[in-house]
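Engineer: Pasting a structure here, questions to come.
Where a number appears in this text, it was derived from the coordinates with a stated rule and is not lab data. Note that the structure is predicted; figures quoted are calculated from it, not measured. Cβ coordinates were reconstructed from backbone atoms using ideal geometry, including for glycine residues, and neighbour counts include every protein chain displayed.
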Amino acid sequence: MKYRPLSLPRVPVGQQLTANLLADPVTPTAASLTATPVGYPSLLRRARFVQGGAHFAYVSPLPIPFPYDFPAPESSDANTTLGEHQKREIEAEAQQQSELDEAQRQEQTHKNAVRRMDQIESSLRGYEVQVPRAGARVNAVPPRRTDTTYPSARVVAFSPECHAHCLPHLAVGDVHKWIQQTSGDAGPYAYSSGPVADALAGGIASLFGETPGSDADARRAFSDWAAGRAVPLHVTAEQIDEASGAGVQFFQEADANAGWKQAAQENPARFSSEVAARRADPQRAYGPYALRYGGHQFGEWAGQLGDGRAVTLVEALDPASQRRWEVQLKGAGRTPFSRFGDGLATLKSSLREFLASEYMAALGIPTSRALAVTQFPDLPVARETVTSAAVAMRLAPSWLRIGNFEIHASKGEWESVRLLGEFVAHDLLRLDGVVKTGAEVAASTAAPHAAPWAERLVREVARRNARTCALWQAYGFMHGVLNTDNIALLGDTIDYGPYGFMDVFDEEQVCNHSDVLGRYSYKLQPTMVLFAIDKLLEALGPVIGFELLHDRAPQPGELLAADDKERAAWADHATEACADSIRAELQQTLLDAWSAAWCARLGVASRGAEVDKEELIDPLTEVLAGLDMTRAMRYLCRFPTASASPEAFAQAWVAHARHGNGAASDKDTAVHVEAARAWLVRYASWLDAAETSAADIVSAMRQKNPAFTLRNWITDEVAERLEGHNDTATVERVRKLCSYPFEDLSADDARYGEVGTLLRGHLPSCSS
């Protein structure tokens with residue numbers, strides 16, 4: 001059965017993040033996203049320090065220019081914006097108030113300010129989901145998103161492989177075919193959603209022979225969803241009434257954050273039962289949200305960060321596989337965590353994430369996935385240059401990261417730490433014996449003795465990220481910005497920004513123009529993962545120490561009830577008891593996985609990670625220095641069945657991997673060839689020990705050594721051709737290469753196997 005985007009099956013209520021964790025008190029429920037007369041939509045997008053121990057904030061996607069400026073009231077000039085209109089009003093009022101006394105001026109100034117604020121809120125309300133009439137369904141596309149001032153969109157990239165693997169039950173219509181049909185077309189019929197597409201729907205149907213209810217309708221519904229235009233909000237009129245004005249009430253409290261802590265500490269049973277009630281309510285309102293987290297950026301604590309331009313639309317469930325996928329839009333507009341940013345993303349950065357995600361998945365490296373990229377041709381974004389905006393629709397089992405724990409620990413929000421830890425341990429990592437507090441605890445006589453989870457959580461996160469990092473190293477992937485807010489708890493590669501894939505092998509290689517000190521260089525990535533796990537251990541230290549001393553998980557209120565000195569003692573105990581063993585386990589896991597990955601690329605059996613490293617892998621990386629990593633390893637696949645001598649093969653090997661890169665090694669060619677020959681002799685002895693035929697070894701190696709690598713010059717070219725020529729055909733061509741990188745390149749695609757311009761000539765920055 002196929003489902004339209006807004007009807008996708010969701011994970012069971014008890015496993016939903018929004019049912020288990022705490023919402024921003026300004027938007028306490030998904031119903032807070034509706035445009036009520038007493039609501040203040042600007043609160044949804046105002047950059048602020050979120051309080052109340054919140055893990056997330058409800059917010060609807062809204063990819064429009066920032067600073068916001070809306071059309072002026074109907075009474076003014078049609079070409080005047082609201083900002084210009086209000087500026088003129090202020091100037092006129094200043095002249096009028098010159099005749100008033102001080103009290104009258106203050107009163108008039110206040111009234112005018114309130115009126116102008118109401119004008120802004122009224123404009124924003126039009127972009128939010130409208131309150132339904134009794135018995136009516138919520139309108140998924142708010143009225144102002146159908147106005148001609150709202151940016152129209154076109155889907156420019158789509159991954160059938162991601163669709164089949166993650167959301168095969170999602171109805172997408174003919175979107176993949178449509179993208180190819182409209183390649184090179186800059187006209188209005190190339191828009192797939194938005195006001196332009198709405199106005200031309202009849203003409204498109206006539207032009208392409210479409211019929212109502214056809215794949216074209218499903219395509220338009222998908223495009224509205226992928227563009228952030230249709231808001232996936234599941235709410236009733238009664239729930240809207242209950243949430244009315246909640247945000248304003250929060251701001252009127254004297255010290256809401258302290259009040260929350262006190263309530264959780266003084267009455268933990270009530271606190272946990274309220275969380276449990278949300279978790280058990282199948283009719284609970286559901287809507288999009290942005291995560292709150294912190295992070296260490298380039299080694300320094302940066303405080304609250306959060307999803308500044310990402311909005312999770314839904315926690316979807318694949319009915320067949322029962323896998324969960326959190327569907328997220330990156331570049332979807334402002335959230336409370338946007339700080340000074342516009343919440344938008346460039347077309348180039350969105351394409352880079354889309355292509356990298358699918359390439360990494362094809363390599364077998366744990367990663368988030370990317371389903372589509374939707375461009376807003378008429379929405380400019382200013383970065384290093386002015387370009388058009390786009391959103392990437394990306395998927396992951398969870399977008400929680402180490403920084404989610406860090407922000408709560410740094411603020412002393414220990415009930416938030418506990419709730420988050422129980423959710424991650426129970427629902428995401430599925431650790432044995434973990435009990436989520438609330439109704440489950442109240443019904444369990446074993447509740448006071450619930451199994452400890454904190455140390456096991458840190459160890460599992462460490463193991464997962466160690467295995468992922470090992471594959472990065474084996475395939476030459478560089479993340480570029482391994483801050484703790486970019487490292488996923490489930491071990492997936494996430495947040496593709498200034499990434500790069502190794503071309504000429506150099507362990508000192510940096511792929512981020514902003515990384516002037518080389519903190520996130522290729523060789524230091526394992527160290528940065530270790531640093532991140534240390535920070536996770538610090539964040540959970542008091543919990544681990546408590547569990548070690550009590551041999552059970554903490555109950556509601558216990559962590560908050562302790563004083564700072566006691567929690568510090570628990571943290572010290574945790575460090576003394578398990579820090580060294582966690583670090584050692586991470587390092588050994590990484591070494592074992594790294595060795596296994598390299599042995600798989602070489603078609604040989606492991607003789608133990610330490611032996612593999614010393615005798616085979618380290619000597620190989622010395623030979624690779626100065627050679628293109630991809631071309632060298634693909635060419636090496638010929639060796640098990642080659643008739644040439646090691647010396648002859650070494651000469652051809654070195655010549656092939658240096659071809660056209662314009663950056664030969666500093667080593668003398670003869671010395672390099674001799675080193676390659678010596679290594680090949682050693683490698684041949686390992687191959688001779690294999691119990692598999694040479695032909696089978698070659699076949700296996702060709703499935704582990706890609707013929708294609710997603711080089712930065714390729715992603716730059718794809719983005720430039722799309723931006724300048726609406727060339728979706730090239731996007732699709734490269735997307736196929738990313739999805740099937742182990743296949744030999746055709747004659748037409750041979751140039752994509754060349755080194756081209758070196759990585760160091762195409763270094764993105766952190767803002768990319």
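Engineer: Report, for the chain, the % of DSSP beta bridges that are antiparallel, rounded to 5.
Structural biologist: Antiparallel bridges: around 90 percent, rounded to the nearest 5.
Engineer: Note the angle between two axes, namely the Cα long axis of helix 102-125 and the longest principal axis of the Cα atoms of the chain, as a number of degrees from 0 to 90, rounded to the nearest 10.
Structural biologist: 50
Engineer: To continue, here is another question. State to the nearest 20 debye the size of the charge dipole of the stretch 450-595 about its Cα centre, where the only charges are +1 on K and R beta carbons and -1 on D and E beta carbons.
Structural biologist: In debye, rounded to 20, the stretch 450-595 gives about 260.
Engineer: Further question on the same structure: With charges only on Cβ, +1 for K and R and -1 for D and E, what is the dipole size of the chain about its Cα centre, in debye, rounded to 20?
Structural biologist: Computed charge dipole of the chain: roughly 1260 debye.
Engineer: For the chain, what is the calculated [θ] at 222 nm in deg cm²/dmol (nearest 500), taking -39500 (n - 2.57) for each run of four or more DSSP H residues and dividing by its residue count?
Structural biologist: Helix contribution divided over all residues of the chain: -13500 deg cm²/dmol.
Engineer: Further, regarding this structure: For the modelled label position 7 Å from the Cα of Ala237 along Cα-to-Cβ, which residues of the stretch 284-299 have backbone nitrogen atoms closer than 18 Å?
Structural biologist: Only 285 fall inside the zone, counting backbone N under 18 Å.
Engineer: Using the Cα centre of the stretch 605-702 as origin and beta-carbon charges of +1 (Lys, Arg) and -1 (Asp, Glu), tell me which of Ser685, Ala675, Ile697 is placed farthest towards the positive end of the dipole.
Structural biologist: After comparing all options, I get Ile697.
Engineer: Suppose the chain between Gln97 and Phe298 were pulled fully straight at 0.36 nm per residue; how much longer would it get relative to their current alpha carbon spacing?
Structural biologist: 67.1 nm
Engineer: Shifting gears a bit: Quick one: angle between helix 256-266 and the longest Cα principal axis of the chain, in degrees between 0 and 90, rounded to 10, please.
Structural biologist: The angle comes out near 80 degrees.
Engineer: Another one. Filter the GluC sites (Glu not before Pro) in the stretch 326-401 to those in DSSP coil with at most 16 other Cβ atoms within 10 Å of their Cβ, and list the result.
Structural biologist: The qualifying sites are Glu384.
Engineer: In degrees between 0 and 90, to the nearest 10, how far off the longest principal axis of the chain does helix 414-423 point, with axes built from Cα atoms?
Structural biologist: With both axes taken from Cα atoms, the answer is about 60 degrees.
Engineer: Rounding to the nearest 20 debye, state how big the charge dipole of the stretch 476-561 is about its Cα centre with +1 on each Lys and Arg Cβ and -1 on each Asp and Glu Cβ.
Structural biologist: The calculated dipole for the stretch 476-561 is roughly 120 debye.
Engineer: List the lysines whose alpha-carbon lies under 21 Å from that of Lys411, not counting same-chain residues fewer than 8 positions away?
Structural biologist: Partners within reach: Lys261, Lys535, Lys565.
Engineer: Right, here's the next one. How many percent of all Cα-Cα pairs in the stretch 450-595 sit more than 26 Å apart?
Structural biologist: 33
Engineer: So what does the Cα-only Debye profile of the stretch 9-134 read at q = 0.10, 0.20, 0.21, 0.23 Å⁻¹, as log10 I(q)/I(0), no solvent term?
Structural biologist: Ignoring solvent entirely, the Cα scatterers give -0.48, -1.19, -1.25, -1.34.
Engineer: Taking the Cα atoms of the chain, what is the range of coordinates along each of the three principal axes, in descending order and whole Å?
Structural biologist: Each principal axis gives a Cα extent; for the chain these are 97, 70, 56 Å.
Engineer: Please rank Tyr3, Tyr520, Tyr752, fewest neighbouring Cβ atoms within 10 Å first, as an exposure proxy.
Structural biologist: Tyr3, Tyr752, Tyr520
Engineer: Fewest first, what order do Trp453, Trp178 take by the number of other Cβ atoms within 10 Å?
Structural biologist: So the ranking, lowest neighbour count to highest, is Trp178, Trp453.
Engineer: Sticking with the crude label model, points 7 Å out along Cα→Cβ, report the distance from Gln104 to Asp281 in nm, one decimal please.
Structural biologist: Modelled inter-label distance: 5.1 nm.
Engineer: Separate question: What are the extents of the Cα atoms of the stretch 82-125 along their three principal axes, listed from largest to smallest and rounded to whole Å?
Structural biologist: For the stretch 82-125, the Cα extents along the three principal axes come out at 36, 18, 7 Å.
Engineer: Taking a ≥ b ≥ c as the square roots of the eigenvalues of the Cα gyration tensor of the stretch 712-761, is the shape rounded (a/c under 1.5), prolate (a/b larger than b/c) or oblate?
Structural biologist: Oblate shape, in that a/c is at least 1.5 and b/c is the bigger or equal ratio.
Engineer: By a straight-distance test (C-alpha under 20 Å), which aspartates and glutamates pair with Lys2 as possible cross-link partners, with residues fewer than eight away in the same chain excluded?
Structural biologist: By straight Cα distance, Lys2 reaches Glu161, Asp174, Glu210, Asp215, Asp217, Asp224, Glu315, Asp318, Glu326.
Engineer: Could you work out the mean projected area of the convex hull around the alpha carbons of the stretch 605-702, in square nanometres to one decimal?
Structural biologist: One quarter of the hull surface, i.e. the mean projection, equals 6.2 nm².
Engineer: Please arrange Glu558, Glu507 by how many other C-beta atoms lie within 10 Å of their C-beta, fewest to most.
Structural biologist: Ascending Cβ contact count within 10 Å gives the list Glu507, Glu558.
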